[in-house]
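A quick write-up on the structure given underneath.
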Amino acid sequence: MSQFEAANTLHNCPLSLRTISAAALLMSLGSVAMAGAPDGGRIGYVLTERHWALYQTEGAREECPQGFNIGPREQYDELFPEDSGVERTEVDTRLMREGRRFHRTTADEDPFPFHDAQGTTAYGLNLDGKVSDEDFLSPEGEDGIDNQLHRAIGCISIYRGPDGTFYHFSNLFMYGNAYNRWMIELSGVDDLANDNEVTVTFYRGLDDLVTDASGKGFVAGGTQRVDMRWGQSFIQEVQGSIVDGVLTTQPTDRTKFPWSFPGIGGGFHLFRDFQLKLTLTPKTAEGILAGYVDVEQYNHRLNRNWTTHHQSYGQLSAASLYRAMKRLADGHPDPDTGANTAISAAVDVIMHQVHIVHPGQQSAD
Amino acid sequence: MRLMYKRAAPHGSSKVFCAGVLGFVALVMLAGCSESDPEPETPGTRALVSLVTAEQYRNSLSYIFGPGVDLQVEFAPVARTEGLLANSAAIAGIGSSQLQGIQGVAASVASQVLDTKHRNYLVPCRPESIDGPDEACATRFLSRVGRLLFRRALTDDEVAMHVKQAGSAAEQLESFYAGLEIALEGMLISPEGLFVVERAEPDPENPGQLRLDAYSLASRLSYFLWNSAPDDELLAAAESGELQASGGLERAVDRMLASPRLAEGMRAFLDDMFAFDEVKTLTKDSTIYPEFTRVTAEDAREQTLRTSIEHLLANDGDYRDLFTTRSTVMSPALAIIYGVPAEPGWTPHTFPDDSPRSGLLTQVSFLSLHAHPGRSSVTLRGQALRERFLCQTVPEPPPGIDFSVVSNPDANYPTQRQRVRAHLETPSCAGCHRITDPIGLSLERFDGAGGFRLTENGAVIDASGGLDGFEFEGAVGLGKALRENPELPRCLVQRVYSYGTGAPPAMEARPALDYFNAEFAARGYRLRELLRTIALSKAFSRVQNDPGEESNPEYQEESRISVASSR
Amino acid sequence: MSQWNRRRVLKGMLNGVGVSVALPFLDVFLDGNGTALASGAPMPVRFGTWGYGLGGTSGIFVPKKTGAGYDLPEEIASWAPVRDDVNLFTNGSAFPDSSPNRNHFTGWVVSRTGVAPEIDSVPTETIDVTVAKQIGRATRFNSLTATATADARDTYSFMNASTPNTPEWSPLQFYNLLFGADFQDPNAEEFTLDPRIIARRSVLSGVMEQSRSMMKVVGAADRERLDQYFTGLRQLETQFEQRLTKPDPIASCLPPGEAPVNPLMDKSADAVRLRHQMMTELMVMAIACDQTRVFNMTYSAAFSSIIKPGYPKPHHTCTHEEPVDERTGYQQNASWFTRRAMESWVDFVEAFKKIPEGDGTLLDNVLILGTTDVGYARTHAIDGMPVFLAGRAGGKGKSGMHIDLKGGSVSQVGYTALRLLGIDKSSWGTLSNESSEVIHEVVA
C-alpha cells in the first residue's frame, strides 16, 4: 500500500467518528463525566483532615465561661509549691504524677476543679436515638446530639482549633504519616446524590497523600493501596444510604480507627456504634464520624502517644481528663459493674476521592 | 483536499508556508529506494569544536570516577538552533562566570576523588610517602585520568607537565594527595576536556577526501550514542587503529548499540528533540491547576522519555507508533492528572481502547508544556507539533499587529474554538494560524495541565481538527494522522543525523538524508537500525575541513581570496 | 572544610605561610570628608543594568512634565520614593533599519548594544560587557548577573552572540557564590592565606598554556571562543591573586550572616518580587563589598511569563489578548503586570540608596541603565520606548529628570551612560542607532 492509500484510508476512518454526538461521548466516558454513578458504582475517599469536633464560640465565652482547665505544670506547682520549704523525693513527686497517667484511678477525688464545657450546642450525631437532658442541639438545630466528649475536652486548650497543639499536630501526624491513613470505599452506588442502599467499607491505606501545587492542600485522584498488615481488624463493611448527597451509615458494633503519633505503633481509638455522616461530591467527602469512644482505650492511646511534656503544651492533665471522662461516659455499661465504659464523641473529617487498589489488584487495571 | 506537505528541507528546519493559499506540493515518494542501494557520495560534515554539555561532563566524570562522586554541574543554557540544543554546542562559548562555576565543580570533584574514602580505589598505586611528591604514582594516576578526560592518550610531554604540577604542589602542601588534587583540578578545567576538538586526516580509501581521525571519530560516536566521552575500550580501539580497520567500526558501533548506556544516550537525544529543557521552568497557575506541581512536571518529562525508550529500544518498536501507542508508565503524581490509579514508583500502564489518550501527543508533557499557565493553547500545541515532530518552523507573529482582533472582547465565548476563530477570519493572522490551530483544536479536550475534559465553561468541546489535509475527531485521530505523515520519520532522521554530527545538515547532505530515510523505512522505522545506519555511514565520519589547516594563516588568506574571487 | 583542608592550612601556618593581620577600626577607613578611601583612591563608580519585559501603556506611563520634578502617572506611581534618583527617558525608538523587527528582541538589543539585530542573536557585546572590560578587571567578579525569574535563560547580558552571561537564579546559590567559602571579608580581623591558592595559581598557568596551544589548531571563529575561555582563565587568576592579598577594609560591607532559604520557584508575581528582592539584596551587598563593579539584573524576560494568580494568561500572552477596557482605555491586567515591574524597579533603586557610602549612599556612585523590549506592550511597538537611568555616577551625572527623546534612538541613553562612566567613545551603535551626542540634561 502506498502512503497515499494509507492516508486515504485514514482520512475516511475518522469521518464515522465525527458522527458521534458529544452527548454520546459524554455517556461513553462516564469515568470522567462523573454525572451520577461513579465508575463501576465504586468510589473511594481517603482521610485528609481530622479533629475532635468541638463547638467553639468567640473567646470560648459560651462553652467555657469559667475559663480553661489547668495542666500538668500548673497542677504540679499547686501540689508541690517551690517555696514550701518541704524536702521531697523524685518518687513522691514527679514519678508519682507520671505514674498516675498510666495507673489511672477514680478512687480518690480529683484535687483540682475540672471545667466541663457548658452550653447546649455541640456537633455530633444522635447515637442512641433518644433526646435526653444531657444531649445537645446541633448548630443546625437537630436535637438529641450525643457528644459528652465535647464536655470533657471542650475547655482543655490543647484540643481547641486552630492553634491547640493537639488539634494541629494530631492532624499533621495524620496526613504526614501513612500509618494513620484511613479510607472508605462506597460500592453499589447508582447515584452519588441519592441511593438508599450502598455498601461502605473501611480500610487502612499504605501510601502518602498527594498535595496540591501549594504543598498545603490535598487533591482528589490519588491512589492508595489497602494496608493488609493488620489482617481484617481494621477492615469493616457497613450499609448506608445517600440522601441529597449526604451519606449516613448504619452503626457498627466496634470499629478500630487508627490515630497514632509518628513512631508509636498501634495507636487507635475504639469506637462503639460507629457511624458516618458525610456530604459527598465526586472529589470530597466532608462531615462527621461519631460513636461511643472506649474510655480506657482513649486514655491508653493518649498517654502512650503524648508525653506529659507534650500534654503540658495545652494544659491537658491526663489524670483529670480520665476522671472527667469516666464521670461523663454515657454508653456501653460494663455488664458487671454497670458503669459506662464509653463516651459519646464526634470527629470532624475531610476526605478526598482516591483510587483504592485492593490486594492482588494492579493499579493499571 | 489542501495538502501542506513539503519536501523536507535538506538543511535544518523548513519554514511552513504561511500564505493563505498553499500550492499543491507533491508527497515525496520513497519508491525506488531499497535496502540494497549503496550510500550516495556526499562531502560529509564539518569537523567542529564543541563545548561539552553539563550532562556530558557529568556522564564522563561518573564513568571515570564512579557513581560515588557527587557532581553538581550546571552549565549555561544554550540557545536552540534548528530544533536542537546540540546544534549550539559548536558555537557556544564559556563566559567568565561560567568558568568560575566549573572551577568550583573541579575543586569539589578533585577533593572527593582524593579524599580518604575514594583514593584507595581511584588511585591505582600507593605513594612512597604521603607527605610529598611521588612521580611514578602520580604518572600512573594522571596519565590514566588524562586519557579518559581528554579522550586521547596524553603525550609524554603532557604527562610530564601534569606530573610536575602535582609534584610541586605536593611539595608546597607537603602532601602527595593534595598535590594530585591540585593537578586533577587543573585537568578538570582544561580546554582539552571542556572542548571537543575534531581533527581530520586524509582518508586512505578515498584519496583527496578527509575523514575524522580515530580519536575524533571515537568521540563523535560516543557523544552521539552514549552522550558521554569514549570509554576505555573505544579509546583503545582508536589508539590501536582497530576502529578504522576493516570491520572495526561495525564492531565498535554494535557494541555501543548493545550497551545499556545507549538508553542514557537516547534519553539525552529525545530530551533535546522534545525540548524538555523547557520543563525545568514549567509552572502552572496553582489557583487554576492546583493538582499540577513541580513533581507533575518532572514526572511528565520522565513518563514520555520512559515511554519512548521502552518503545524504541526495549521493544524495538516502529518510531511512528509512538504517536498511537497506548502503553506508557505511570507515577502517582501523574495519575492525578490522568484520573487513574497508580502505585508508588513507576508502573506500566495501558490506556484502554476507549480512552481519549493514545500516543505522545496525549501525554501530559506535550499537553502542559505547550499551553498557558492557566489554560490550553491551540496555537502553541499546533506550533509545537510542527516544530518538534515535523521539523517545520512556524514564524512568530509579525510585529506591530493589533492583537485585539483575536482577543474577542466578548468574554462569553466559552470555548477556545470560538475564541480563536478570529485568527482564521483575519487575513494577517490566518496564514499561520491555519497551519497551527486545526491541530491544536483537536487537542482541546485536554486542559492546560493535560487533564481530560469534555466541556469548557459549560459548553461541550468540539475536538474536530485537521493536519495537512486530513480531518479527524480528537487527539486519537490526530495521532493517527501524524503517524501517517511522511514528514514524521523524515524529521526524526534529520534530527538524529544533526544530533550525531553536531550541526544542522547542510544542503549537500541531502542525498545522505534520502539514503537514511530509505534505510529507516526499509528497516521498519526502528531507531536502533537508524542509529546504526548513520553511525556506519561515510556521511558520519567524513569531514570537509581540517581545522588545523584552517588555523594556518596562509590557508585563511587563501580561502579569503578564493571567496573574494568567486563573487 | 574537609579534614584535609584544615590540615593543610594548619601545616601552611606552621610553615609561616599563613598570615594573620589585625585590622583597624572601621571609622579610620575613610579620609576626613568621607568621599574617598583612606588610601586616597576615590570611591569606585559602578555600572549596572536592570531589565524587564513588555514596556507599558504610554498614556498612563509617560509623565506630562519634562525636566526635574516630573509627575508620576498611575503606571509609575510607585516611583515616588526614588523619582529624584531616576532619569526617565520616554518616546525613544529602536530603529530596525534594514533588519527585520525581531519581536521582543530588537528593542532591548538596540537599548543595550546600539545595533539592530539581523537575526535572533545579539550582534555584539552588550553595554555591561563593554563597561566591564574597563572597570571590571580589578574585582573578584568582573560582572555579576542575576535574574528574578528562576530561569537561567533570562539574561540581557551577552559577551557575544553565542555566549550569554548566565544569570544566577537561585538566592541560595547566589549567596554561596558571593559570600560562601571563597568570600574574603574585607573587614575580617584576620587574614589567612590559603596555601592551596598558590598551588592552584601555578596550575592555572599550565591550563593557560594548553589553551594557547589549542588555539593554534582551530579555525578563526573557534579561536575567538577559546579566547573568551582564556579571558575566563585570566579572571580566575585575578580571583586567586586577590585571595592572596589582604583586601582593603570597606565600611559599608556588611555581608549577610547566613544563607537564605530559597523561596518558591514559581512564576507568580509575588514570588518574582520576593526573589527579585532577595537577589537584589545579595547583589547590592556584593557591590558594597567591592566584589564586582558591574552588575545585571533581570526582573522579567522580554516574553515575560509572570503570572497573576487566578488570571489564566501570563504577562506576555495577556498583552496580546486582553481587550482594552472601555472605561479606562487600557488593558487592565497588562497594566497590572507593568505596575508590578515598576515596583520592583523601585525596590532595586532603593536597595542602593539604603547602603551608606562616603557621605552619601551607594546610589551616588553607581549608574543603572534600565531597559525594556517594547514601547506599547499591546502592539509590541519599538517606538515610544522608555529607558531609565538611576544613580549619579560618582557625581558626574544628574538624576531626577524626565527627558522626551522625541522619537530618537534609545541608544542615546546607552551612549550617555558610557560617557558618564568616563568611557571615551566618539560614538556608539550603528546606522540609525548610532549616537555621538550625550544627553546634556543629565550631565552634572
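Just so you know, all these numbers are worked out from the coordinates, no wet-lab data involved. Predicted model, so just to flag it, every value in this text is computed and none were measured. Counting neighbours? That spans all protein chains shown, and the Cβs are built from the backbone with ideal geometry, glycine included.
Could you give the C-alpha radius of gyration of segment A:41-357 expressed as a fraction of 2.2 N^0.38 Å, taking N as the number of residues it contains? All intermediate terms of the calculation are to be shown ahead of the outcome.
On the way: Rg = 20.3 Å, N = 317, 2.2 N^0.38 = 19.6 Å.
Taking N as the residue count of segment A:41-357, the ratio is 1.03.
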Margin query: How shielded is B:185-193 by partner chains, expressed as the average number of their Cβ atoms within 10 Å of its Cβ atoms?
Written below: 6
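Which value, in debye to the nearest 20, gives the size of the charge dipole of the protein assembly as shown about its Cα centre, when Lys and Arg are +1 and Asp and Glu are -1 at the Cβ? Provide the component values of the computation, followed by the final result.
Details: 125 positive and 173 negative charges, 467 e Å.
It comes to approximately 2240 debye.
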Check: What aspartates and glutamates sit close enough to C:K354 to cross-link, taking a C-alpha to C-alpha distance under 14 Å and skipping anything fewer than 8 places away on the same chain?
Finding: C:D85, C:E281, C:D364
Item checked: Under-5 Å amide H pairs with C:E168, H placed in peptide plane, nonlocal only -> C:T145, C:A146, C:T147
Margin query: Taking amide H atoms as placed 1.01 Å from N in the peptide plane, list the residues 5 or more away in sequence, or in a different chain, whose amide H sits under 5 Å from that of B:G448.
Written below: B:S376
Next item on the list: Taking 7 Å along the Cα-to-C-beta vector as the label spot, tell me the A:N196-A:R327 distance in nanometres, rounded to one decimal.
Entry: 4.6 nm
Notebook entry, point to check: Between B:A522 and B:T350, what is the spin-label point distance in nm, taking each point 7 Å from the Cα along the Cα→C-beta axis?
Noted result: 3.4 nm
Next item on the list: On a 0 to 90° scale, report how tilted helix B:261-273 is relative to the longest principal axis of chain B, with both axes built from alpha carbons and the result rounded to the nearest 10.
Entry: 50 degrees
Next item on the list: Taking a cut-off of 30 Å between Cα atoms, list the lysines near C:K216, but don't count ones fewer than 8 places away on the same chain.
Entry: B:K164, B:K538, C:K133
Checklist line | Ratio of the Cα radius of gyration of the protein assembly as shown to 2.2 N^0.38 Å, where N counts its residues | finding: 1.05
Next item on the list: Name the cysteines of chain C that stand alone by the Cβ rule: no other cysteine Cβ under 4.7 angstrom.
Entry: C:C318
Notebook entry, point to check: Which of A:D83, A:D146, A:D190 moves most in a GNM of chain A, Cα contacts under 10 Å?
Noted result: A:D83
Next item on the list: Specify whether the C-alpha gyration tensor of segment A:169-254 places it in the rounded, prolate or oblate class, a ≥ b ≥ c being the square roots of the eigenvalues: rounded for a/c under 1.5, otherwise prolate if a/b is larger than b/c and oblate if not.
Entry: oblate
Note to self: I'd like the orientation of helix B:474-484 relative to chain B: the angle between its Cα long axis and the longest Cα principal axis, in ° from 0 to 90, rounded to 10.
What the structure shows: 60 degrees
Checklist line | Backbone HN-Hα couplings from phi across segment B:489-498 [Karplus 6.51/-1.76/1.60, Hz, Gly and Pro as x] | finding: x, 5, 5, 4, 4, 4, 5, 5, 5, 4
Check: Cα centroids of segment C:320-335 and segment B:464-542: how far apart, whole angstrom?
Finding: 45 Å
Checklist line | Descending semi-axes in whole angstrom, ellipsoid equivalent of segment B:266-484, from the Cα gyration tensor | finding: 28, 19, 17
Margin query: List the lysines whose Cα sits under 29 Å from the Cα of A:K277, skipping any in the same chain fewer than 8 residues away.
Written below: A:K130, A:K216, A:K256, A:K326
Check: If only Cα atoms are counted, what is the Rg of segment B:147-290, and what is its Dmax, in Å?
Finding: 20.7, 67
Notebook entry, point to check: With each run of n ≥ 4 DSSP H residues scored as -39500 (n - 2.57), what mean residue ellipticity at 222 nm is computed for chain B after dividing by its residue count and rounding to the nearest 500 deg cm²/dmol?
Noted result: -14000 deg cm²/dmol
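What FRET efficiency comes out for the pair B:D232/C:E189, r = Cβ-Cβ distance, R0 = 56 Å, nearest 0.05?
On the way: r = 52 Å, r/R0 = 0.92.
Here the calculated transfer efficiency is 0.60.
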Next item on the list: Determine ³J(HN,Hα), in whole Hz, for all residues of segment B:346-357 in sequence, where each value follows from phi through the Karplus function 6.51 cos²θ - 1.76 cosθ + 1.60 and θ = phi - 60°; x replaces Gly and Pro.
Entry: 9, 10, x, 9, 10, 6, x, 4, 8, 6, x, 9
Margin query: Nearest 5 percent is fine: what portion of the DSSP beta bridges confined to the protein assembly as shown is antiparallel?
Written below: 75 percent
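Net charge near B:D277, counting Lys/Arg +1 and Asp/Glu -1 over other residues with Cβ under 11 Å of its Cβ? Write out the running numbers ahead of the final one.
Numbers: positive: B:R80, B:K280, B:R301, C:R153; negative: B:E55, B:D271, B:D272, B:E278, C:D151.
Value of the local net charge: -1.
Rounded, prolate or oblate: which fits segment B:257-339, taking a ≥ b ≥ c as square roots of the Cα gyration tensor eigenvalues, rounded meaning a/c under 1.5, else prolate when a/b beats b/c?
prolate
Under a Cβ-Cβ cut-off of 9 Å, what is the net charge of the residues other than B:Y177 that fall near it, where Lys and Arg count +1 and Asp and Glu count -1?
Numbers: positive: B:R119; negative: B:D115, B:E181.
Its environment carries a net charge of -1.
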Item checked: FRET efficiency, A:D110 to A:H358 (Cβ-Cβ, R0 56 Å, nearest 0.05) -> 0.70
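For chain C, what percent of Cα pairs sit more than 41 Å apart? Don't skip to the answer; put the middle values down first.
Values: 18286 of 98346 pairs.
I get 19 percent for the Cα pairs in chain C exceeding 41 Å.
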Next item on the list: Write out the GluC sites (Glu not before Pro) in segment C:168-253 meeting two conditions: DSSP loop, and at most 15 other Cβ atoms within 10 Å of their Cβ.
Entry: C:E189, C:E190
Checklist line | Between segment C:114-160 and segment C:352-384, the Cα center-to-center distance that results, in Å | finding: 16 Å
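Between rounded, prolate and oblate, where does chain B land on the alpha carbon gyration tensor, with a ≥ b ≥ c its root eigenvalues, rounded for a/c under 1.5, else prolate if a/b exceeds b/c? Can you show the working numbers first?
Working: a/c = 2.08, a/b = 1.55, b/c = 1.34.
Prolate, since a/c reaches 1.5 and a/b exceeds b/c.
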Next item on the list: Please list the non-local residues whose amide H lies under 5 Å from the amide H of B:R211, H modeled 1.01 Å from N, same-chain partners needing a gap of 5 or more.
Entry: B:E201, B:D203, B:V543
Next item on the list: Return one number: the angle in degrees, 0 to 90 and rounded to the nearest 10, between the long axis of the Cα atoms of helix C:195-215 and the longest principal axis of the Cα atoms of chain C.
Entry: 60 degrees
Notebook entry, point to check: Residue by residue, what Karplus-based ³J(HN,Hα) values in Hz, rounded to whole numbers, does segment B:433-446 have, using 6.51, -1.76 and 1.60 with θ = phi - 60° and x for Gly and Pro?
Noted result: 5, 5, 8, 10, 4, x, 5, x, 5, 6, 9, 5, 7, 10
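So what's the back-of-envelope 222 nm ellipticity for chain C, counting only DSSP H runs of four-plus at -39500 (n - 2.57) apiece and dividing by all residues, rounded to 500?
Values: 10 runs with 142 residues, N = 444.
Per the formula, -10500 deg cm²/dmol.
Once the Cα gyration tensor of segment B:52-195 is diagonalised, what are the square roots of 5 times its eigenvalues, in whole Å and ordered largest first, as equivalent ellipsoid semi-axes? Can you show the working numbers first?
Working: eigenvalues 174, 44, 36 Å².
For segment B:52-195, the ellipsoid semi-axes come out as 29, 15, 13 Å.
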Check: Once you list every other residue whose beta carbon is under 12 Å from the beta carbon of C:M297, what net charge do they have if Lys and Arg are +1 and Asp and Glu are -1?
Finding: -4
